[in-house]
Amino acid sequence: MFTRRQTLGLIGAAGAALAMPNIRTAQAATATTFRIGWQKNGVLALAKSLGSLEKRLAPRGVSVTWAEFTSGPPLLEALGADALDFGPTGDVPPLFAQAAGGNLLYVGAYRGPSTGSAILVHKDSPIQKLEDLKGKNVAFKRGSSAHNFTVKALRKAGLEIGDVEAVDLPPPDAAAAFKTNSIDAWAIWDPYYAVAEADPDARVLTTADGIVQSWSFYLGNADFTNANPEIVEEVIDELTKVGTAAQSNLDETIKALSAITGVKEDVTRIVLNRPGADLGRVYLLTDEAVTYQQALADEFHGLGILPKKLNISDIVWRPRAS
């Protein structure tokens, strides 16, 4: 399903990031370095390839460093441990990070297309509908947006997470397990989903459309954000500009993202043309986003997935001018 080039292109250096030097508490009133955790997709990947944030922050005398991750949970672990200043993630990872006492804040949001996530089964699998997942093993990264999607998809079929054998695998490992028929189903997001979807031996059981909204978030280290709010505001503003420009010229954007991820251009085109996709929908936190996240936190606590009840507003950052 994944070629060697695609797999290597999508595997992140999470371990290296967690071991990187210069871990600081970010207490300085004026930062000289902005440390970003990133995943090989979306607006942040485009900004990295263009050097947009470096150009935007240069007048402040701020340099930018980058550390790559394959999913949100390890990225937020680094962020909360003061090894990073900023990074993107799906909706579930921040809940576990907050429950663990991570030193972080929600600083921005991105509303993506629900059609960009799916549960995949094998082409000849007897699984024809969600109800058929009962008793089967379903792979997803625990604590990721795919975890939320799986919970809600099962509920739509009258099932609970305990009705399936949940297999905790990061995307590259899940791709390999799916290819060798070691798992029955795989809940995954783009661009991994688009790569897998192109394989003739894979079949889409359902997308997340109509099952769960697709919210992603930008989080900042709390000490850094509180000490350097202007930098965070500038970064979110720049990402909005990068996303808007990318959306207005998808042909060039497809080429750029394909070069970053190693995913073929025709597959990248599918990702960027999902119904509802808009790279420019990057903004500071809205009340709608906070309400969504609070409802998700309450749900996961009620299901016993989260160990404690959370108040999302406790770690929501608002610009001083708002």
Checklist entry - Taking the range 161-200 only, how many residues are part of a loop (DSSP other than H, G, I, E, B), touching a strand residue (DSSP E or B) at 6+ places or on another chain (Cβ under 6 Å) and among the charged types (D, E, K, R)? => result 1
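Let's see how each residue does on (1) at pLDDT below 95; (2) assigned to a loop (DSSP other than H, G, I, E, B); (3) closer than 18 Å to Ala45 by Cβ:
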position	(1), (2), (3)
Leu84	no, yes, yes
Gly102	yes, yes, no
Leu105	no, no, no
Tyr110	yes, no, yes
Leu120	no, no, no
Asp124	no, yes, no
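Residues are listed down the side, and each one gets a yes or a no for (1) closer than 30 Å to Asn103 by Cα; (2) of a type in the set (Gly, Ala, Ser):
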| site | (1), (2) |
| --- | --- |
| Ser248 | no, yes |
| Glu252 | no, no |
| Asp266 | no, no |
| Leu284 | yes, no |
| Tyr292 | yes, no |
| Leu303 | yes, no |
| Pro307 | yes, no |
Next on the checklist: Being open to solvent by 60 Å² or more (accessible area, probe 1.4 Å) and touching a helix residue (DSSP H, G or I) at 6+ places or on another chain (Cβ under 9 Å) is true for just one of Ser216, Ser182. Which residue is that?
Outcome noted: Ser182
Item to check | Any pair with Cβ under 6 angstrom, 6 or more apart, that starts in the range 299-316 at a residue that is without any contact (Cβ under 8 Å) to a residue 24 or more places away in the chain and ends at one that is in a loop (DSSP other than H, G, I, E, B) | outcome: His301/Lys309
Checklist entry - Can you spot a residue in the range 57-64 that is touching a residue at least 24 places away in the same chain (Cβ under 8 Å), touching a helix residue (DSSP H, G or I) at 6+ places or on another chain (Cβ under 7 Å) and within 23 Å of Pro170 (Cβ to Cβ)? => result no
Item to check | Selected residue [farther than 24 Å from Gly276 by Cβ and either hydrophobic (A, V, I, L, M, F, W, C) or open to solvent by 10 Å² or more (accessible area, probe 1.4 Å) (or both)] from Lys141, Lys123 | outcome: Lys123
Checklist outcome for this item: The helices (runs of 4 or more DSSP H) lying entirely within the range 204-322 that contain at least 3 residues which are of a type in the set (Gly, Ala, Ser) and closer than 24 Å to Ala45 by Cβ are 229-248, 250-261
Checklist entry - If you check Thr207 against the conditions, is it out of contact with any Leu (no Cβ under 6 Å at 6 or more places or on another chain) and open to solvent by 50 Å² or more (accessible area, probe 1.4 Å)? => result no
Checklist entry - Given the conditions (1) crowded, with 23+ Cβ neighbours inside 10 Å; (2) under 20 Å from Gln293 (Cβ atoms); (3) among the aliphatic types (A, V, I, L, M), and given that Ala196 satisfies all but one, which numbered condition is not satisfied? => result (2)
Checklist entry - Out of all the residues in the range 158-168, which are modelled with pLDDT under 95 and surrounded by 15 or more Cβ atoms within 10 Å (Cβ to Cβ)? => result Ile161
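The values are calculated or read from the model by the stated rules, or taken from the named source; none is laboratory data. Fair warning: this is a prediction, and the values are worked out from it, not measured in the lab. Cβ atoms come from the backbone with ideal geometry, glycine included; neighbour counts cover every protein chain shown. Just so you know, the surface numbers come from the protein's heavy atoms only, side chains and all, with ligands and any DNA or RNA stripped out. Shrake-Rupley method; radii C 1.70, N 1.55, O 1.52, S 1.80 Å.
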